[in-house]
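The values are calculated or read from the model by the stated rules, or taken from the named source; none is laboratory data. Predicted model, so just to flag it, every value in this text is computed and none were measured. Cβ placement follows ideal geometry from the backbone for every residue including glycine, while neighbour counts extend to all protein chains displayed. Keep in mind that these areas ignore ligands, DNA and RNA; they rest on the heavy atoms of the full protein, side chains included. Shrake-Rupley method; radii C 1.70, N 1.55, O 1.52, S 1.80 Å.
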Protein chains: 2
Amino acid sequence: MAYIQLNNQLPGITGLLENRKDTGAPIRELTQILLRGESTLTEMERELIATIVSYRNQCRFCTNAHSATVIALGGDADLLDKIYHDPENAPVSEKMKALLAIAAKVQELGKSVKEEHISRAKKAGATDLEIHDTVLIAALFCLYNRYVDGLGTYCPEDPAYYQKLASRLATMGYGSPKDPGVRIGEESFK
Amino acid sequence: MAYIQLNNQLPGITGLLENRKDTGAPIRELTQILLRGESTLTEMERELIATIVSYRNQCRFCTNAHSATVIALGGDADLLDKIYHDPENAPVSEKMKALLAIAAKVQELGKSVKEEHISRAKKAGATDLEIHDTVLIAALFCLYNRYVDGLGTYCPEDPAYYQKLASRLATMGYGSPKDPGVRIGEESFK
């Protein structure tokens, strides 16, 4: 049960984006550009940024959704475990380790990002655009996580829900879906 | 000097929105809807939410910009001082005090917002939409503040810069401006 009355029974962010479509549309558009648009970062790399920020913001819905999307894009449980608990030893490139470190600093506070974090990423081969997008994706998930939890939205427990949602996000992206969202089987929920 | 090379010399968020216009457009659109769209919260009340969150995120550019906008909309120094240091005694309605308390919780973390904060706002007469918009405005400024500071953008010291920017935001809102931004007099800056 969300803290406010929604016009639908969808969980997490999906219910919020449908509830106020005028604000939902630019949020979807920004996410689609950043996570699925043209980029020298892979979709998996961008989902890892979403995942590490959501985990550190303790947002269960977003962490479940984006970790399931990492799996849907070919990741595995070991990768996720490292992203959560030991990103410096995650099986990713040195460039990605440096970008994940920037994302983790953005999660804390913008001013936590220092010159040294940026130079590490540049030395590891990150472009200015990759650094820009890392900061903006991390900042966007600081918005998402607060929106979802600040309104106390419903967070399904069933892993099958997130697998179904992730399959949609991996194949269709973040645009406005024709049907309004992924439901948990046929059941409705409060 | 921002941490990355921008295609312009504009400070703070203005340089970032011009630098990558495809991501800038939905951010501007979302802000225009939330801060200047139809609402039972006044523009001043919505700017106070932006200000309290930016102040608590220690984002100097955004705090300066939105506090100057509060002044441009008729606020004064005492109101701002209370918003920063003692919001429970700010010269605003009980409903606004409850909404500012929610915004302050959103700034910490989404899950810091509890039922008790929401019921206080509802008892003071806040509608579900006002609560929704308070949470989303606060979450949006958690994005902005991290974007601006996470990329180490230039923060002007001259109060006249923020007065000019605030005058534009108070009268023209957050849509894409015809000229790309407010400059500091005629000088260029790094």
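Summary of values
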{"item": "For chain A, built as a Gaussian network whose Cα springs stay under 10 Å, the top-fluctuating residue of A:77, A:98, A:138", "result": "A:77"}
{"item": "P(r) histogram, all alpha-carbon pairs of chain A included - 5 Å bins from 0, percent", "result": "1, 8, 17, 21, 21, 15, 9, 5, 2, 1, 0"}
{"item": "Computed over the range A:26-188: relative contact order in percent, which uses C-alpha pairs under 8 Å that are six or more apart", "result": "33"}
{"item": "Interface B:A - total buried accessible surface [probe 1.4 Å, Å², rounded to 100]", "result": "3800"}
{"item": "Protein accessible area in the protein assembly as shown, 1.4 Å probe - carbon and sulfur %", "result": "51"}
{"item": "20 Å cut-off, amide nitrogen to a point 7 angstrom out along residue A:38 Cα→Cβ, residues in the range B:1-19", "result": "B:5-8, B:17-19"}
{"item": "Ascending list, in nanometres, of distances separating the residue A:116 label from those of the other copies (7 Å, Cα toward Cβ)", "result": "4.0"}
{"item": "Per-residue ³J(HN,Hα) for the range A:44-49, Karplus 6.51 cos²θ - 1.76 cosθ + 1.60, θ = phi - 60°, Hz, x for Gly and Pro", "result": "4, 4, 5, 5, 5, 5"}
{"item": "Chain B: most fluctuating residue of B:46, B:28, B:36 per GNM, C-alpha cutoff 10 Å", "result": "B:28"}
{"item": "Ellipsoid semi-axes in whole angstrom, largest first, where each is sqrt(5λ) of the Cα gyration tensor of the protein assembly as shown", "result": "31, 27, 17"}
{"item": "Residue pairs, from the table A:164/B:111; A:97/B:21; A:97/A:122; B:97/B:122; A:95/A:122; A:114/B:21, whose Cα atoms sit over 18 Å apart", "result": "A:164/B:111; A:97/B:21; A:114/B:21"}
{"item": "Charge dipole (debye, nearest 20) of the protein assembly as shown; +1 at Cβ of Lys and Arg, -1 at Cβ of Asp and Glu", "result": "80"}
{"item": "Candidates A:70, A:148, A:113, ranked by Gaussian network fluctuation over chain A, Cα under 10 Å, top entry", "result": "A:113"}
{"item": "Tilt relative to chain A, helix A:128-150 - C-alpha long axis, 0 to 90 degrees, to 10", "result": "30"}
{"item": "Gyration tensor (alpha-carbon) shape descriptor, the range A:4-73, a/c threshold 1.5", "result": "oblate"}
{"item": "Rounded to the nearest 20 debye, dipole of the range B:26-188 from Cβ charges on Lys, Arg, Asp, Glu", "result": "380"}
{"item": "Estimated 222 nm signal from helices in chain B, with DSSP H stretches of n ≥ 4 weighted -39500 (n - 2.57), rounded to 500", "result": "-20500 deg cm²/dmol"}
{"item": "Other-copy label distances relative to residue A:175, 7 angstrom Cα-Cβ extension, nm", "result": "2.6"}
{"item": "Calculated label separations, residue B:157, copies of the chain, 7 Å along the beta-carbon direction, nm", "result": "5.8"}
{"item": "Surface per residue (accessible, 1.4 Å probe) for the range B:26-188, Å²", "result": "40"}
